[in-house]
1. Taking only Cα atoms and a 10 Å spring cutoff, compute GNM fluctuations for chain A and point out the largest among A:Thr35, A:Thr244, A:Thr108.
2. Which residue, B:Leu24, B:Leu148, B:Leu179, has the most motion in a Gaussian network model of chain B that connects Cα atoms within less than 10 Å?
3. Under 5 Å between amide hydrogens, which residues at least 5 positions from A:His170 or on another chain qualify, with H placed 1.01 Å from N in the peptide plane?
4. Considering only protein heavy atoms, what per residue accessible area in square angstrom results for the protein assembly as shown with a 1.4 angstrom probe?
5. Using Cα pairs under 8 angstrom and six or more residues apart, how large is the relative contact order of chain B, in percent?
6. Could you report the accessible area of A:Tyr277 in Å², rounded to 10, computed with a 1.4 Å probe on the protein chains as they sit in the structure?
7. Ignoring ligands, DNA and RNA, what percent of the 1.4 Å accessible area of region B:138-197 is carbon and sulfur?
8. Got a sec? What order do B:Asp25, A:Asp166 fall in by accessible area at 1.4 Å, biggest, i.e. largest, first?
Amino acid sequence: MSGVGLVSAQIAHFTQPLALKGGGLLPAFDLVYETYGTLNAAKSNAILVCHALSGHHHVAGHTEGNPANIGWWDNIVGPGRPLDTERFFIVGVNNLGGCHGSTGPASTNPATGKPWGADFPVVTVEDWVDAQARLADHLGIGAWAAVMGGSLGGMQALQWTLSFPDRVRHALVIAAAPKLSAENIAFNDVARQAILTDPDFHGGHFYEHGVRPVRGLRLARMLGHITYLSDDQMAEKFGRRLRTGAGSYGFDVEFEIESYLRYQGDKFAGVFDANTYLRMTKALDYFDPAQDFDDDLARALARARAKFLVVAFSTDWRFSPERSREIVHALVHNGQAVAYAEIDSAHGHDSFLMDEPHYHAVVDTYLKRVKL
Amino acid sequence: MTQPLERADFDLIAGWVQPGERVLDLGCGDGSLLKRLIEERGAKGYGVELEEAGVLAAIAKDINVIQGNLEQGLAGFDDQTFNHVVLSRTLQTVRHTERILAEMLRVGREAVVSFPNFAYWKNRLAVMGGRMPVSEDLPYEWFDTPNLRFFTLLDFESLCAKMKLVIRERQVLDEAGRLVTEEPNFLGSLAVYRLGR
């Protein structure tokens, strides 16, 4: 059951060019967003929910005519849920470069009249936050009560406190890291190579050829999915179980885990945009707020004014608890306000999407103390 | 643990904290001590707590609580960043006793340690009678106690001497939370120390 019921997306048009970190300007852009709950008169109860790699603006509720299309974080958003829509005004947004309605590689490049494709600029976490600030202006929100996100969304929450220290009162940084490790980047590059070397990719201009690099996307998602789960969880859910008729010593689907990954890969490749996937993983790779501060994260975070909740999950090996503790210790070093919870969970990196009672209790308890 | 004693323990510690000082409370539980030090003493506090329930309660109190296991040391906390590092009624539950004391004085300029005194006369009496003591300060049955180590004022002070820790102050309380001045190792139920290097 969705908590907020029927929802529909809105589009905000921005005609002021946006300067991008990687250079260049995006002349104009659209952001697609959804909202849940009511903005109070003081406009002090707004929470921005930032999405992860493959997420979007549809955070909670279901859409018209499609009761099964429930938002990706519905279990945490709604009346009486941790992000309580009786109290907060929640905003979900699809990032620039996305493929769910916001301006991205499949959008029309005004300079050519054709899809941007490979020419769509690489956007960074900083660019997303700048674009989200325009959305906040559009909604009349001066400062967010909280900015929250998991994984790549957690990086955006962190960046908000640095780009706009006076516009975010609380940052909830969940299953995130202050920057990717070499291993993380390696996984991302294998995923990108799967896409870039797909014969249907056409250097990113596949739209004009009427094809999509489905095989590459599928492989990218299968690889990604392995890193989101935990070994224990895979063992518990699939083990070495074989499908009926298996045992042919061939290369068809024999183990249940193979079946599962191929299903996930197919599902994703059917809906997601390859150019978006490339850009989202690059944004992850580039994120490193300490880079301009001699790799001193504490110095980088010193300008933040927000209070922080940092949450990590015990079986998350993609962004392990150690990575979250780097953020925590930098904040402690500076004497900044932070609470840190390390949730005992079986579900690996994906735990931040799961209905983990203690995790939800932590978020609920933290948000209850947020003054409006 | 009973309220009056807890307050007596906290009263002493609160009296040692100056306005604006940085305090790290190890095993902070629900954050009650930190809350008090922040509100009454204007301290800046962080707590470390392992148990989920404690972490939740401390978050509800608006405390900077960091979930973690003291047994794994205080890695990530910088040297000499806290004025006081508090370990209240927890040392007896810790396996790596020497390491945690050393870590406390690495990250803090002063360690504040309180612990139940096993040599307290009622505890001695219980053992004389053939049973493990159950008291205000040792409130557990032997089979469900979180306590790993039992020691006395004299034991603790000889460990401090071995580790070359300086005892700056010692206060000893009885079960009613009153200060004990005579025969502390016999009449004291709970000891509170300020340690330095």
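1. A:Thr244
2. Checking each option, the largest mean-square fluctuation is seen for B:Leu148.
3. Sorted by chain and number, the residues that satisfy this are A:Ala146, A:Val147, A:Lys307.
4. Details: 23740 Å² over 569 residues.
Computed with neighbouring chains in place, this is 42 Å² per residue.
5. On the way: 387 pairs, mean separation 38.8, N = 197.
Computed value for chain B: 20 percent relative contact order.
6. Accessible area of A:Tyr277: about 10 Å².
7. Carbon and sulfur: 55 percent of the exposed surface of region B:138-197.
8. A:Asp166, B:Asp25
The values are calculated or read from the model by the stated rules, or taken from the named source; none is laboratory data. Computed from a predicted structure; not experimentally measured. Every residue, glycine as well, gets a Cβ built from its backbone with ideal geometry; the counts of neighbours run over all protein chains shown. Please note that ligands, DNA and RNA were not included when accessible areas were found on the heavy atoms of the full protein model with its side chains. Shrake-Rupley method; radii C 1.70, N 1.55, O 1.52, S 1.80 Å.
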